[in-house]
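Reading through the structure tokens given below for one structure.
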Amino acid sequence: MAKFVFTCLVLCFCLSCKTNKNTPFVSQSERIIYVNNEPYFIKGICYHPVPKGSTQRNFDTLTQDLELMLEAGINTIRVYAPIDDKAVLDEIDASGIKLIIGFGYDQGGVFDIKSGSFIDYVNTYKNHPSILMWELGNEYNYHPEWFEGDMNNWYQALNNAAERIHQNDQNHLVTTAHGELPDKQVLASCPNIDVWGMNVYRWDKPGTIFPQWKAISSKPMYLSEAGGDSYMTISDYGFEKGVNEKAQAAANANILDEIFQNKDVCSGVAMFSFTDGWWKAGNPDQQDIGGWAPNSSGVPYDGSPNEEFWGIVDIDRNKKEAFSIIKAKYTQLKE
């Protein structure tokens, strides 16, 4: 009887493997992310496509966007909310690009952490071959007001959510997008996080974060956001006030150089962002100056985020000078 039960278990396991044979196995070891046991370096882009006149994301331009991303050498897309559309996921997978799927804490019960409904999405799509990692939260450490003034409430929820994902999905890693470098106490409170993402805006010199991370953790890390915008609020550092694609291109070039020089610690970057977002700072029918973001004084080269000018393409998908920089850096980099 015991032999029969064992044989059945083995058979079930093998059938499960066969059913999920296209699901990548994502793992980590010694600061490196692996996909099917091959090292994987994130040459990424943050992606939240909102058309003119709207405040809602949609994927009507996905085919065009993927063509541009592939031209730029992008291998990973980071999204801030789940994509509950298999056709979209299938098209992204067909392009060969992987996804980092982000979950918010309180999204009215729609695939969010607070309600626990995020796990429904994980279980629905965990075998989809486009998935690279699950990401919990986006720089929530800047918003204690969302957690009754106590960030420990968030870190406990974060660690518990990561544990729940591990219980349901053994094929993918769990990450979070932390605002800047987490301290030792935060790391100790979240042992279930496999890879630490960090949104880092240290002018055009993010390189100082890598030895700091190496000193406190042996886990992989990546920059979940980095970059610069294409509007100068003031004239400075040799860049004129106003729309200034050269400033953005220069910042991105310097940032990527420092990241690539630290591949022994850093597992990649999701540059912010793919397209300009007209919905962020004013009238969504026009491109507005202004906007605000936490910890944004480190934005090159004017210390001002100008939230609607961050794309490497504009809202009509015209390439900005930063696109050429991303393309040159990403396509030349050997993984």
- For the stretch 144-178, name all the residues that are in a loop (DSSP other than H, G, I, E, B), touching a Phe, Trp or Tyr at 6+ places or on another chain (Cβ under 9 Å) and over 22 Å from ALA270 (Cα atoms). ASP169, GLN170
- Query: If you check PRO191, PRO206, PRO182, which single one turns out to be without any contact (Cβ under 8 Å) to a residue 60 or more places away in the chain, over 11 Å from LEU223 (Cβ atoms) and buried (at least 17 other Cβ atoms within 10 Å of the Cβ)?
  - Reply: PRO182
- Note on the structure: Filtering the stretch 284-335 down to residues that are charged (D, E, K, R) and either surrounded by 19 or more Cβ atoms within 10 Å (Cβ to Cβ) or in a loop (DSSP other than H, G, I, E, B) (or both) yields ASP285, ASP288, ASP302, GLU307, GLU308, ASP314, ASP316, ARG317, LYS320, LYS329, LYS334, GLU335
- Note on the structure: Among ALA177, ALA226, ALA215, ALA162, the single one that is more than 18 Å from the chain's Cα centre (by Cα) and among the aliphatic types (A, V, I, L, M) is ALA215
- Can you name the number of the only condition in (1) outside any strand (DSSP E or B); (2) in contact with a helix residue (DSSP H, G or I) (Cβ under 6 Å, 6 or more places away or on another chain) that ILE234 fails? (2)
- Task: Determine which single condition ALA162 fails, assuming it passes every other condition in (1) surrounded by 16 or more Cβ atoms within 10 Å (Cβ to Cβ); (2) within 24 Å of ILE42 (Cα to Cα); (3) in contact (Cβ under 8 Å) with a residue 60 or more places away in the chain; (4) not β-branched (Val, Ile, Thr).
- Result: (3)
- Within the stretch 218-231, can you find the residues that are surrounded by 15 or more Cβ atoms within 10 Å (Cβ to Cβ) and either touching a residue at least 60 places away in the same chain (Cβ under 8 Å) or in contact with a helix residue (DSSP H, G or I) (Cβ under 6 Å, 6 or more places away or on another chain) (or both)? LYS219, PRO220, MET221, TYR222, SER224, GLU225, ALA226, GLY227, GLY228, ASP229, SER230, TYR231
- Message: Looking at THR55 and the list (1) surrounded by 12 or more Cβ atoms within 10 Å (Cβ to Cβ); (2) at pLDDT 95 or above, which single condition is not satisfied?
- Response: (1)
- Message: If TRP278 meets every condition in (1) free of Cβ contacts under 8 Å to residues at least 40 places away in the same chain; (2) out of contact with any strand residue (DSSP E or B) (no Cβ under 7 Å at 6 or more places or on another chain); (3) not charged (D, E, K, R) apart from one, which number is that one?
- Response: (1)
- Would you pick out the residues in the stretch 117-143 that are in contact (Cβ under 8 Å) with a residue 40 or more places away in the chain, part of a loop (DSSP other than H, G, I, E, B) and over 17 Å from the mean Cα position of the chain (by Cα)? LYS126, ASN127, HIS128, PRO129, HIS143
- Item | Count of the stretch 184-208 residues which are over 17 Å from PRO294 (Cβ atoms) and either more than 17 Å from the chain's Cα centre (by Cα) or in a strand (DSSP E or B) (or both) | 14
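The values are calculated or read from the model by the stated rules, or taken from the named source; none is laboratory data. This structure is a prediction, so every number in the text was calculated from the model and none was measured. When we count neighbours, we look across all protein chains shown, and the Cβ atoms used for this are built from the backbone with ideal geometry, even at glycine.
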